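> I'd like to ask you about the structure that follows.
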Amino acid sequence: QVQLVESGGGLVQAGGSLRLSCAASGIIFSINDMGWYRQTPGKQREWVADIFTGGSTNYADSVKGRFTISRDNAKNTVYLQMNSLKPEDTAVYYCNTVRVSYGWGQGTQVTVSS
């Protein structure tokens with residue numbers, strides 16, 4: 001059974017930082033390209049960043065230069081370091097494979113106050 005468990009969210013002031021983690025189980029993590037996504041109420045889930053098995057990364061324009069995605073294959077975990085947070089980053093953050101191969105986890109809430 002595949003499980004994606006996100007953690008690390010919270011309430012932070014604008015300009016602050018958070019580090020999100022996503023622990024994967026039930027998959028061969030090291031061969032999967034992984035991504036972070038976010039969703040706010042009433043809006044579609046949007047892609048934030050991804051990291052491929054070779055280590056290359058891509059970012060949405062809205063987070064480029066502020067967010068960093070990384071992975072630890074030994075821990076089956078993908079991370080999202082979020083710096084210089086803005087109120088518009090407020091959302092529930094999820095991880096999944098780049099192809100969205102699996103069901104969504106519960107996500108982790110990030111709230112940025114102005």
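The values are calculated or read from the model by the stated rules, or taken from the named source; none is laboratory data. Note that this is a predicted model, so its numbers are computed, not measured. Virtual Cβ from ideal backbone geometry, glycine too; neighbours counted across all protein chains shown. Keep in mind that these areas ignore ligands, DNA and RNA; they rest on the heavy atoms of the full protein, side chains included. Shrake-Rupley method; radii C 1.70, N 1.55, O 1.52, S 1.80 Å.
> Given +1 on the Cβ of Lys and Arg, -1 on the Cβ of Asp and Glu, and no further charges, what dipole in debye does the chain carry about its Cα centre, rounded to the nearest 20?
Once rounded to the nearest 20, the dipole reads 60 debye.
> Okay, next question. Say we join alpha carbon atoms closer than 10 Å with springs in a Gaussian network model of the chain; which of Lys75, Lys43, Lys86 then has the biggest fluctuation?
Its mean-square fluctuation being the largest, the pick is Lys43.
> Where in segment 29-64 are there chymotrypsin sites (Phe, Trp or Tyr not before Pro) that are in a DSSP coil and have at most 13 other Cβ atoms within 10 angstrom of their Cβ?
Details: sites: Phe29, Trp36, Tyr37, Trp47, Phe52, Tyr59; in loops: Phe52.
For chymotrypsin sites (Phe, Trp or Tyr not before Pro) across segment 29-64 that sit outside H, G, I, E and B with at most 13 neighbouring Cβ atoms in 10 Å, the list is empty.
> Given the protein chains as shown and a 1.4 Å probe, how many square angstrom of Ser30 are accessible, to the nearest 10?
Approximately 60 Å² for this residue.
> Can you tell me the length gained on complete extension of the stretch Ser17 to Lys75, counting 0.36 nm per residue apart and subtracting the Cα distance?
Numbers: separation 58, 0.36 × 58 = 20.88 nm, distance 2.25 nm.
Full extension of this stretch gives 18.6 nm more.
> So for segment 59-114, taking the charge dipole from beta-carbon charges (+1 Lys/Arg, -1 Asp/Glu), which of Thr111, Asn83, Val98 sits furthest toward the positive end?
About the Cα centre, the residue reaching furthest to the positive side is Val98.
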